[in-house]
1. Return the residues of the stretch 179-199 that are over 9 Å from the mean Cα position of the chain (by Cα), in a strand (DSSP E or B) and not β-branched (Val, Ile, Thr); say none if nothing qualifies.
2. Condition first: of a type in the set (S, T, N, Q), assigned to a strand (DSSP E or B), in contact (Cβ under 8 Å) with a residue 60 or more places away in the chain and farther than 17 Å from TYR134 by Cα. Now tell me which residues in the stretch 200-221 satisfy that.
3. Out of the residues in the stretch 125-148 that are in contact with a His (Cβ under 9 Å, 6 or more places away or on another chain) and in a loop (DSSP other than H, G, I, E, B), which is modelled with the lowest pLDDT?
4. Could you say whether any residue in the stretch 62-81 is within 17 Å of LEU194 (Cβ to Cβ), at pLDDT below 95, out of contact with any Leu (no Cβ under 7 Å at 6 or more places or on another chain) and among the basic types (Lys, Arg)?
5. Of the residues GLY146, GLY180, which single one is out of contact with any strand residue (DSSP E or B) (no Cβ under 8 Å at 6 or more places or on another chain) and of a type outside the set (Lys, Arg)?
6. Please determine, by comparing only the residues of the stretch 110-124 that are hydroxyl-bearing (Ser, Thr, Tyr) and part of a strand (DSSP E or B), which one is modelled with the highest pLDDT.
7. Is it true that PHE104 is in a loop (DSSP other than H, G, I, E, B), surrounded by 12 or more Cβ atoms within 10 Å (Cβ to Cβ) and touching a residue at least 40 places away in the same chain (Cβ under 8 Å)?
8. So, in the stretch 140-165, how many residues would count as being hydrophobic (A, V, I, L, M, F, W, C) and over 23 Å from LEU191 (Cβ atoms)?
Amino acid sequence: MGHVLRLKYRTDQVLDYTLVSRSSQVAVQEGKKGNPEQGGFDAVLQQRVIRAMEDGTAHVVTVTIPQPGPGIPAGARSVIYQHLGDRGDVLEISGPNQGNAFAFPEGEVSVGSNWEGTTLTHLPNVPEPISMKYVYTYELEEECIGRKTVKISFTSEPVEFQLPMPDGRTMSQVKTASDGTMWFDAVAGILVRLELTTRTRPQMGPMSFDIENHTVQELHS
């Protein structure tokens with residue numbers, strides 16, 4: 001059975017997620033790797049639909065509250081307003097654009113279907129999100145945290161770009177690519193779980209850094 005994959009917003013709808021982000025960074029110089037540095041945070045994320053529109057879009061406020069930890073003071077939180085499309089696109093945003101993690105196709109898809117989509121992906125220490133082209137695969141239908149979901153895997157094409165160094169005089173060459181899996185409740189139109197891994201390598205002269213970020217977002221209400 002096929003599905004037309006769409007986010008289905010309802011005015012006053014509230015979705016609560018847990019968010020776990022882990023990162024590692026290793027310096028590489030002349031083929032020698034340094035000691036890895038680990039980081040990350042845990043947070044709760046609440047998405048509240050202020051108004052659902054007739055065209056399928058919605059005005060949404062997202063509140064993210066991280067657990068206190070190194071570099072994260074008690075009481076820290078971020079509040080972002082977004083105008084979101086029903087295929088996963090960000091039409092408008094009040095703060096720094098964190099990008100979008102997925103792009104649904106126009107028509108119906110079923111098990112084995114593939115499609116391409118372009119999304120904006122936010123990378124740590126990069127001011128603007130990076131446009132990335134993904135290939136998506138409708139893997140199967142399975143249960144995820146008690147919901148019937150569509151499991152979709154995705155992988156990006158590698159992207160290269162230049163990023164100014166802190167001194168403002170030199171540039172670093174950056175390569176990045178992402179892949180992941182999502183579980184989507186196609187009937188309710190709700191993202192149930194998202195796993196995203198992004199691998200980034202900035203090159204600064206003879207030195208490079210291997211950076212990996214892994215994020216899991218899961219519905220809990």
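1. Once the filter is applied, which keeps residues that are over 9 Å from the mean Cα position of the chain (by Cα), in a strand (DSSP E or B) and not β-branched (Val, Ile, Thr), the stretch 179-199 yields ASP179, GLY180, MET182, TRP183, PHE184, ASP185, LEU191, ARG193, ARG199.
2. From the stretch 200-221, those of a type in the set (S, T, N, Q) are 200, 203, 208, 213, 215, 217, 221; that's our starting set.
From what's left, assigned to a strand (DSSP E or B): 200, 203, 208, 213, 215, 217.
Imposing the further condition that a residue be in contact (Cβ under 8 Å) with a residue 60 or more places away in the chain reduces the set to 200, 208, 213, 215, 217.
The answer is SER208, ASN213, THR215, GLN217.
3. GLU128
4. No, there is no match, as no residue in the stretch 62-81 is within 17 Å of LEU194 (Cβ to Cβ), at pLDDT below 95, out of contact with any Leu (no Cβ under 7 Å at 6 or more places or on another chain) and among the basic types (Lys, Arg).
5. Being out of contact with any strand residue (DSSP E or B) (no Cβ under 8 Å at 6 or more places or on another chain) and of a type outside the set (Lys, Arg) holds for just one of GLY146, GLY180, which is GLY146.
6. Result: THR118.
7. On the way: in a loop (DSSP other than H, G, I, E, B): yes; surrounded by 12 or more Cβ atoms within 10 Å (Cβ to Cβ): yes; touching a residue at least 40 places away in the same chain (Cβ under 8 Å): yes.
So PHE104 fits the description; yes.
8. Within the stretch 140-165, the subset hydrophobic (A, V, I, L, M, F, W, C) is 140, 144-145, 150, 152, 154, 159, 161, 163, 165.
Checking the rest, the ones that are also over 23 Å from LEU191 (Cβ atoms) come to 159, 161, 163, 165.
Matching residues across the stretch 140-165 total 4.
The values are calculated or read from the model by the stated rules, or taken from the named source; none is laboratory data. Only a predicted model underlies this, so the values are computations on that prediction, with no experimental measurement involved. Heads up, the Cβs are rebuilt from the backbone with ideal geometry, glycines too, and the neighbour counts pull from every protein chain shown.
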